[in-house]
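Step one of this worksheet: look at the structure below.
The values are calculated or read from the model by the stated rules, or taken from the named source; none is laboratory data. Since this is a predicted model, take the numbers as computed values, not measurements. Quick reminder, even Gly has a Cβ in these numbers, built from the backbone with ideal geometry, and neighbours come from all protein chains shown.
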Ligand SMILES: *Cc1c(COP(=O)(O)O)cnc(C)c1O
């Protein structure tokens with residue numbers, strides 16, 4: 001979509017680097033996911049941590065999504081944007097007392113609790129302020145998401161969730177806590193998962209644990225299966241919208257449930273990744289002994305995923321490609337004083353010159369939110385395409 005004159009002209013007007021968000025694509029993505037979920041009576045809470053830009057959040061809120069938060073700051077932001085408290089969940093392994101109390105006062109829908117000690121703390125704090133906390137217990141299901149080890153969260157060796165060996169105890173602690181109301185079970189096995197078999201394995205574990213609790217007389221109303229659906233980083237134009245039908249279908253087929261059970265999802269990346277592009281300008285072209293470098297005015301301070309998890313992002317030259325264009329392989333790097341500040345190695349591109357615009361695609365999730373001012377960099381700008 002970036003290989004035409006019109007888009008080049010409009011992007012050339014803006015000061016680089018900036019995030020470019022296609023709100024029309026975001027709208028179509030949100031509508032597709034909502035439609036596929038509604039059909040099966042599934043509920044989606046958007047995981048704010050993927051992108052908490054106000055304009056994007058407002059659009060998501062207006063489509064009827066709930067909010068999945070992992071910090072007190074995200075809970076406050078959700079309230080400000082107008083997500084109803086009864087559609088806000090609060091997860092995370094390290095909730096502070098202050099964050100818990102604020103969330104209790106907002107009367108959010110539920111805390112996703114990650115340890116027995118946290119159950120006891122929430123119970124105590126709720127008692128102090130005369131509230132009752134709804135909680136879902138996060139279970140570590142020991143399912144391998146087969147994704148990058150930094151974004152795999154559901155294995156026994158990960159820090160997330162209550163380990164299986166402690167669930168019996170957790171069930172009895174919950175019964176003894178007068179200010180805690182167990183409403184559900186929570187699972188989240190990782191991110192950027194494109195193999196539907198992973199979700200099928202998750203369903204099998206969810207069924208087992210739901211039965212475990214129900215056999216002990218604890219009724220599980222909410223089954224929260226987390227997020228993690230991946231997107232196509234290689235072919236953003238061919239697959240701009242993930243296959244939500246296929247994704248929800250797995251859960252529809254393999255989760256055991258009755259009409260009284262509610263199934264909740266926490267999608268982040270799948271909703272916002274494809275609508276965002278980092279637009280940057282070539283500052284310098286440099287031929288090394290073995291390599292050709294494109295040095296951009298954006299770096300790991302604007303988009304950290306390549307430096308943090310060797311993530312792939314499609315890199316394109318913006319503007320028309322002539323039939324007789326010559327191509328060259330470049331290492332596309334940023335200006336930051338770190339060798340990991342590299343967006344891609346040996347990337348084939350039409351020959352570039354100083355001043356050309358470069359698009360780094362599929363950057364709407366875990367992009368702008370991870371920006372930092374390391375090297376005292378300026379705050380990143382953004383620009384929206386509405387129609
Ligand atoms: C990060 C996270 C999500 C969202 O993950 P995506 O891969 O972006 O869908 C959902 N739930 C929890 C608990 C998370 O930590």
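Points worth noting:
- A single entry from 199, 212 fulfils the requirement of being touching a helix residue (DSSP H, G or I) at 6+ places or on another chain (Cβ under 9 Å), assigned by TED's automatic domain parsing to the domain that holds residue 28 and within 16 Å of the ligand (Cβ to nearest atom): 199.
Matching residues to (1) farther than 20 Å from residue 116 by Cβ; (2) in a helix (DSSP H, G or I):
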{"position": "165", "(1), (2)": "no, yes"}
{"position": "171", "(1), (2)": "no, yes"}
{"position": "178", "(1), (2)": "no, no"}
{"position": "181", "(1), (2)": "no, no"}
{"position": "185", "(1), (2)": "no, no"}
{"position": "198", "(1), (2)": "yes, yes"}
{"position": "202", "(1), (2)": "yes, yes"}
{"position": "206", "(1), (2)": "yes, yes"}
{"position": "211", "(1), (2)": "yes, yes"}
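- Hits in the range 213-233 (condition: outside any loop (DSSP other than H, G, I, E, B) and modelled with pLDDT of 95 or more): 222, 223, 224, 229
- All of 262, 256 fail the test of being closer than 30 Å to residue 141 by Cβ, out of contact with any helix residue (DSSP H, G or I) (no Cβ under 9 Å at 6 or more places or on another chain) and surrounded by fewer than 20 Cβ atoms within 10 Å (Cβ to Cβ), apart from 262.
- Number of residues in the range 110-130 that are buried (at least 22 other Cβ atoms within 10 Å of the Cβ) and farther than 20 Å from residue 164 by Cβ equals 4.
- Residue 368 free of Cβ contacts under 8 Å to residues at least 12 places away in the same chain and under 22 Å from the mean Cα position of the chain (by Cα): no
- Residue check, residue 331 out of contact with any helix residue (DSSP H, G or I) (no Cβ under 7 Å at 6 or more places or on another chain) and either at pLDDT below 95 or in a loop (DSSP other than H, G, I, E, B) (or both): no
- Answer from 346, 353 - the residue that is at pLDDT 95 or above, assigned by TED's automatic domain parsing to the domain that holds residue 291, over 15 Å from residue 298 (Cβ atoms) and assigned to a strand (DSSP E or B): 346
- Residue match in the range 162-181 (condition: within 16 Å of the ligand (Cβ to nearest atom) and either touching a helix residue (DSSP H, G or I) at 6+ places or on another chain (Cβ under 6 Å) or in the same structural domain as residue 33 (by TED's automatic domain parsing) (or both)): yes
- Lone qualifier among 103, 145, 67 - being in contact with a strand residue (DSSP E or B) (Cβ under 7 Å, 6 or more places away or on another chain), within 30 Å of residue 38 (Cβ to Cβ) and in a helix (DSSP H, G or I): 103
- One residue stands out in the range 24-56 among those that are more than 13 Å from the ligand (Cβ to nearest atom) and in a strand (DSSP E or B): the one that is surrounded by the most Cβ atoms within 10 Å (Cβ to Cβ), namely 42.
- Number of positions in the range 237-278 that are over 16 Å from the mean Cα position of the chain (by Cα), outside any helix (DSSP H, G or I) and either within 14 Å of the ligand (Cβ to nearest atom) or within 30 Å of residue 218 (Cα to Cα) (or both): 9
- Some residue of the range 15-23 being closer than 24 Å to residue 384 by Cβ, assigned to a helix (DSSP H, G or I) and touching a strand residue (DSSP E or B) at 6+ places or on another chain (Cβ under 8 Å): yes
- Set 385, 286, 291: member being closer than 29 Å to residue 73 by Cα and modelled with pLDDT under 95: 385
- Exactly one residue among 298, 311 is in contact (Cβ under 8 Å) with a residue 40 or more places away in the chain, within 16 Å of the ligand (Cβ to nearest atom) and not assigned by TED's automatic domain parsing to the domain that holds residue 38, and that residue is 311.
- Check on residue 189, touching a helix residue (DSSP H, G or I) at 6+ places or on another chain (Cβ under 9 Å), modelled with pLDDT under 95, within 16 Å of the ligand (Cβ to nearest atom) and more than 30 Å from residue 356 (Cβ to Cβ): yes
- Looking only at residues of the range 78-96 that are under 19 Å from the mean Cα position of the chain (by Cα), within 21 Å of residue 263 (Cα to Cα) and in a loop (DSSP other than H, G, I, E, B), we find that the one that is nearest to the ligand (Cβ to nearest atom) is 91.
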